[in-house]
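Following: one structure in structure tokens, then a few remarks.
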Ligand SMILES: [Zn+2]
Ligand SMILES: [Zn+2]
């Protein structure tokens, strides 16, 4: 059983579905056997500064998380986290934001590239293979800069744009970029960042996590072992979703442990696939 969920969203995320409170998420986590939960609401620096969505009230979020920590202290480790997007577009602002709130788990994500909308809103159907390949290379460039910028604990949902390519009924073979991926993953390892395996791919109909075995294989071959596991749940029901599938998948990819990071401390747990 894997009992860490390092990537979840509460009502403080702009795209919250149903407005579930931190307490709702904690209760659901406990009922599903989760022992370590990070609440990592969205904060895409560009979106907040450019008015694409309203910034969450981090002070209030922190209060709710502190209350949950006390209430569930015997049953659940709760981490005050954030999913920080587009840090490289506003480095100075990102640094002061992180300094101000002292988050315990910082996920780094790339939802937006400079001058572009969230990949979620791209019309992938209209793009030909050449355009999709160009998009992928630009994404990798931002991703590499994000890793170099540092200040985060986990690189989350690598292959995020591919999710929308596939949901649009298209495929993109990314093997042409393996040398770049290898270079980025080596930087992830050197920076002692965790690499997230995001199980939302299962419940969103992709049949596998993000990233998939191809990228996980490169990471493992480079010596990477620090897998962080996250459901990216926006509703209680999805906390810890598809963990049995993910456990088998990770084992097949050659990993034996998953990890949870809080205040730079890394917790480890063996992946067990018996009885699944
Ligand atoms: Zn995300
Ligand atoms: Zn997320």
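No lab work stands behind these numbers, since they all come straight from the coordinates. Owing to the predicted nature of the structure, the values given are computational and were not obtained by experimental measurement. For neighbour counting, all protein chains shown are included, and Cβ atoms are generated from backbone atoms with ideal geometry for every residue, glycine included.
Between residue 206 and residue 95, the C-beta separation translates, for a Förster distance of 22 Å, into a calculated FRET efficiency of about 0.05.
Per the Kirkwood definition applied to all pairs of different Cα atoms, how many angstroms is the hydrodynamic radius of the stretch 198-238?
Details: mean 1/r = 0.0895 Å⁻¹.
With all distinct Cα pairs of the stretch 198-238 included, I get 11.2 Å.
Note on the stretch 164-199 and the stretch 53-92: Cα centroid distance 26 Å, given to the nearest whole angstrom. Ordered from longest to shortest, the equivalent ellipsoid semi-axes for the stretch 39-79 are 28, 9, 5 Å, each the square root of 5 times a Cα gyration tensor eigenvalue. The Kirkwood hydrodynamic radius of the stretch 167-242, based on inverse pair distances between different Cα atoms, is 13.6 Å.
Evaluate the relative contact order of the chain (contact order divided by residue number), counting alpha-carbon pairs under 8 angstrom at least 6 apart; express in whole percent. Don't skip to the answer; put the middle values down first.
Working: 514 pairs, mean separation 61.5, N = 276.
Relative contact order of the chain: 22 percent.
With the alpha-carbon atoms of the chain aligned to their principal axes, the span from lowest to highest coordinate is 53, 48, 34 Å, starting with the largest.
By definition, a body whose alpha carbon gyration tensor gives a ≥ b ≥ c is oblate when a/c is 1.5 or more and a/b is not larger than b/c, and the stretch 127-276 fits this oblate description. Only helices enter the 222 nm calculation for the chain: every DSSP H run of n ≥ 4 contributes -39,500 (n - 2.57), and dividing by all residues gives -11500 deg cm²/dmol, rounded to 500.
Length gained on full extension, residue 167 to residue 102: 19.8 nm, using 0.36 nm per residue less the C-alpha separation.
A simple spin-label model places the labels of residue 73 and residue 145 4.4 nm from each other, with each point 7 Å out along Cα-to-Cβ.
Based on the alpha-carbon set only, what is the convex hull volume of the stretch 175-215 divided per residue, in Å³? List each step's numbers first, then the result.
Details: hull volume 2.6 nm³, N = 41.
It is 64 Å³ per residue.
Considering only beta bridges that DSSP places wholly inside the stretch 4-270, some 20 percent are antiparallel.
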